[in-house]
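Quick notes on the structure that follows.
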Amino acid sequence: MDVTSKTSEVPEEPAGTAVTEKVWKAGRLEPMPIRKLPDAPPSMHILGPTVFLVALGVGMGESYMWPRLVLVFGPDIRWLFLVGVTLQAFVLLEMARYAMATGESIFFGAARVFKPMMWFFYVAAILIYMWPGHLSAGAAAFEEITGIPWQVTACVALVFVGVLFSLLSVIYNFLEKLLGLLIGLLVVGTSVIAAIVGNWDDLGQTLQGMFAFGFFPEKALSEAWFPIVVGSIAFAGPSGMQQMWYTLQLRDSGAAMGSHIPKIRGLRSADQAESMPSRGFMFDTEDPAEMQKWKGWRKWVTFDALLLFWGITMLVTISFTVLAMSAARTNPDVASLIEGGDRDAALSAMSDAFASAGSPILGTLFFAFIALIGLNATLGLFDSFSRGQADMTYYFVPGAKRFSMSKLYAGFLWGVITFGILILLFGPADGPAGILDILAFLSTFAMGAYCIVLLLVNNKLLPKPIRPGPVRNVIIGFGAVFYLGMLFYSLIRFGVVVS
Amino acid sequence: MTQTADLKQLAEFSVPAVSVGAAAGVIAGGLAAFVGQPFGWAVATGLGLGVPLMLFGAGYAVLMGTGKIPAGVFAPAAVYWVIAFPLSLLVHSVVTEWVVTGTPGLPPEPWKFLAFRALVSMGFAIGFLWMHEQIGRHWWPHILERNIYARRTVEQYSHLAAALEARKAATGRGRKKRVA
């Protein structure tokens, strides 16, 4: 692999032109032409594509799994959540490093290092994300409010998402605005509910528990709880392949070198899409002016990672934990239901507790927010999955370039929707019981694997001046050991994958 | 500009900030009505929470419009809501007590009540800022011609627009020009 020779002369378009240009050789695939890095947005507060990661990440882990652990083990267990989310914030920053420097997805980066790694993610994504089970929590909460059976809501939501995404001209712009508004509503609403029903002591205990480093009760090491604890840490913030998809959203938002790549369009406008270049681009890292702009982009994404991603994920779990503690205080049945692990019964009991403790509307509000979380996750998930698969198919499946990226995106979107509806009507929503363990394994394994991919692509494929420093490498390396180590420990010691 | 005209402009400029408070109130009141609570109860809950949040939201917009605090920056919003959010919840609590028992009353341990809400206000401040910007970026350009405060705020964002323009230009250059 030639990563040391900075530039070489190769023709960009062999047919018809004899012009040569500076390129950056990265890995085994086509070299990246050098292009100008655009200026970073000066206003650091402008919202970026992290909104997708927040929409995907703030899900059941935050609203159910962690409140459950707090009720079982006490608030001190929350230090593990702090570690999990902080680790994910660093992963976000490192994912952004490659995507912003090249305009390529992390999947493309993986293929540059070793193609089979990319194929692993390709197959794993289909296996993990084609099941419509993720719709069930939000749709079930909607059923509690309206009485409409959840399968009906889920099927309607699936078709709605498909039609909506097909009609849009540029999908990213619309989704960013919509998710931005929905998450804003979620954050405002969650704060208001927590402020109404929670109290100082609950919050004090929850916050204190975040710094109880090293607390690990005997019970948490048991066969029954260890896989759940590991699963909860892995699912703190974005889980599975969600961080990898973030690189595609960064590219489509036009962040840094992503601005040289055309945007994905809805099916209706797919023919207007500009032609997709066959690889990403690199900027001149030896030009001080370009490096200055790069620093601006890093600042922009760091703000996104810290305030939006870390801050909002923390806020939502803290609020939901405070809510669970207050519900358990009002109604002791809630604690045993939550401990028992029946999610729907536990959420229902929490809602009842709020209704009787604070004011009757709080129970409904609680369900409304679970439904909102479900809607955010569904919108984000369908878009991200289709984006990721379209990207890998376009670049690496022979003959796929005949179709535009936008058409491939539409193909995957409608494929997963059709399969989802069929499964909702005739099959098990989460996937066949026999493969549930395999799916849980793949999801956590993918997280350990992407940490290794990150270390490889950022240290081997990027020019030296923009590679990560030793501290960041150690943190990402720790991530790989953390996810894979706990996964295999759970598997070998208890014979159970995470849950 | 007369004082009335000025106030009218400020009120118009404050629409996005007021809508965030209204959203909180409407959600609370609307859902109360939806689940079959008496109409009066739903209205009282909605107003008890919505009105103070709307008023404080307007206060924030006035400070921003008159240039006392910068547009869309987190720290001033956090400081503002650390005071305004607990007070809004206090009003809500008093109103709820009034509706339920017939006489208004403070919550038990009022200082602890306020301190807890002050901590939670951080979250509200992020959500407020987020929604304020999302709604404002559609509303302010719409009233730009007749509203000096909207114009000033849009100007604050204008160097961002310039940067976006530069990004587009860079893309254009990237496609056409080749470095020899």
Among the residues of segment A:131-146 satisfying the criterion of being at pLDDT 75 or above and of a type outside the set (A, V, I, L, M), which is most open to solvent (accessible area, probe 1.4 Å)? A:Glu144
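Going through segment B:43-53 one residue at a time, which ones are within 13 Å of chain A (Cβ to nearest Cβ) and within 23 Å of B:Phe113 (Cα to Cα)?
Scanning segment B:43-53 gives B:Ala44, B:Thr45, B:Gly46, B:Gly48, B:Leu49, B:Gly50, B:Pro52, B:Leu53.
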Of all the residues that make up segment B:119-134, how many are at the interface with another protein chain (Cβ under 7 Å from one of its Cβ atoms) and among the polar types (S, T, N, Q)? 1
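Please go through segment A:246-267 and give me each residue that is away from chain B (no Cβ under 14 Å) and at pLDDT 80 or above, ordered by number. Steps first, answer last, please.
So the first thing to find is which residues in segment A:246-267 are away from chain B (no Cβ under 14 Å), and the list is A:246-249, A:264-267.
Across segment A:246-267, the qualifying residues are A:Tyr246, A:Thr247, A:Leu248, A:Gln249.
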Please specify each residue of segment B:61-75 satisfying the condition of being of a type outside the set (A, V, I, L, M, F, W, C) and either within 11 Å of chain A (Cβ to nearest Cβ) or touching a residue at least 60 places away in the same chain (Cβ under 8 Å) (or both). B:Gly65, B:Thr66, B:Gly67, B:Pro70, B:Gly72
Given A:Val457, A:Val453, which one is over 19 Å from the mean Cα position of the chain (by Cα), open to solvent by less than 40 Å² (accessible area, probe 1.4 Å) and closer than 21 Å to A:Val123 by Cα? A:Val457
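From the list B:Val20, B:Val15, which residue is under 16 Å from the mean Cα position of the chain (by Cα), within 11 Å of chain A (Cβ to nearest Cβ) and either in contact (Cβ under 8 Å) with a residue 40 or more places away in the chain or crowded, with 23+ Cβ neighbours inside 10 Å (or both)? Full working, then the answer.
Numbers: B:Val15 fails: within 11 Å of chain A (Cβ to nearest Cβ).
Of the residues listed, the single one that is under 16 Å from the mean Cα position of the chain (by Cα), within 11 Å of chain A (Cβ to nearest Cβ) and either in contact (Cβ under 8 Å) with a residue 40 or more places away in the chain or crowded, with 23+ Cβ neighbours inside 10 Å (or both) is B:Val20.
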Which ones in segment A:179-195 are more than 7 Å from every other protein chain (Cβ to nearest Cβ) and either open to solvent by 10 Å² or more (accessible area, probe 1.4 Å) or charged (D, E, K, R) (or both)? A:Leu182
So which residues in segment A:301-312 are closer than 17 Å to B:Gly72 by Cβ and open to solvent by 20 Å² or more (accessible area, probe 1.4 Å), if there are any at all? A:Phe303, A:Leu306, A:Leu307
State yes or no: is A:Leu306 within 12 Å of chain B (Cβ to nearest Cβ) and within 24 Å of B:Phe116 (Cβ to Cβ)? no
Do we have any residue at all in segment A:225-235 that's buried (at least 20 other Cβ atoms within 10 Å of the Cβ) and part of a loop (DSSP other than H, G, I, E, B)? yes
Yes or no: segment A:26-46 includes at least one residue that is surrounded by fewer than 24 Cβ atoms within 10 Å (Cβ to Cβ), more than 10 Å from chain B (Cβ to nearest Cβ) and at pLDDT below 80. no
Lone unmet requirement of (1) within 30 Å of A:Thr206 (Cα to Cα); (2) within 12 Å of another protein chain (Cβ to nearest Cβ) for B:Pro38: (1)
Out of everything in segment A:196-245 that is within 14 Å of chain B (Cβ to nearest Cβ) and under 28 Å from the mean Cα position of the chain (by Cα), what residue ends up being nearest to B:Leu89 (Cα to Cα)? A:Leu203
Is it fair to say A:Thr153 is in contact (Cβ under 8 Å) with a residue 40 or more places away in the chain and not aromatic (Phe, Trp, Tyr)? no
For segment B:87-118, the count of residues that are part of a helix (DSSP H, G or I) and either out of contact with any Lys or Arg (no Cβ under 9 Å at 6 or more places or on another chain) or facing chain A (nearest Cβ under 8 Å) (or both) equals 21
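Residue by residue, here is whether (1) under 20 Å from B:Ala23 (Cα atoms); (2) buried (at least 21 other Cβ atoms within 10 Å of the Cβ) holds:
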site: B:Val51; (1), (2): yes, no
site: B:Leu55; (1), (2): yes, no
site: B:Ala61; (1), (2): yes, yes
site: B:Gly65; (1), (2): no, yes
site: B:Ile69; (1), (2): no, no
site: B:Trp81; (1), (2): yes, yes
site: B:Val94; (1), (2): no, no
site: B:Lys112; (1), (2): no, no
Can you find even one residue in segment A:147-168 that is open to solvent by 30 Å² or more (accessible area, probe 1.4 Å), within 13 Å of another protein chain (Cβ to nearest Cβ), outside any helix (DSSP H, G or I) and not polar (S, T, N, Q)? yes
Return a yes/no flag: does segment A:110-125 have any residue that is touching a Phe, Trp or Tyr at 6+ places or on another chain (Cβ under 8 Å), in a helix (DSSP H, G or I) and among the basic types (Lys, Arg). yes
More than 9 Å from chain A (Cβ to nearest Cβ), modelled with pLDDT under 85 and in contact with a helix residue (DSSP H, G or I) (Cβ under 6 Å, 6 or more places away or on another chain): is that true of B:Val154 in this structure? yes
Which of the residues spanning segment A:169-178 are part of a helix (DSSP H, G or I) and open to solvent by 10 Å² or more (accessible area, probe 1.4 Å)? A:Asn173, A:Phe174, A:Glu176, A:Lys177, A:Leu178
May I ask you to list pairs of residues, at least six apart or on different chains, whose Cβ atoms are under 6 Å apart, with the first in segment B:139-153 being farther than 12 Å from B:Gly67 by Cα and in contact (Cβ under 8 Å) with a residue 60 or more places away in the chain and the second being surrounded by 20 or more Cβ atoms within 10 Å (Cβ to Cβ) and hydroxyl-bearing (Ser, Thr, Tyr)? B:Trp140/B:Thr153
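The values are calculated or read from the model by the stated rules, or taken from the named source; none is laboratory data. Treat the numbers as computed from the prediction; the structure is a model and nothing was measured. FYI the Cβ positions are ideal-geometry reconstructions off the backbone, even for glycines, and counts take in every protein chain you see. Please note that ligands, DNA and RNA were not included when accessible areas were found on the heavy atoms of the full protein model with its side chains. Shrake-Rupley method; radii C 1.70, N 1.55, O 1.52, S 1.80 Å.
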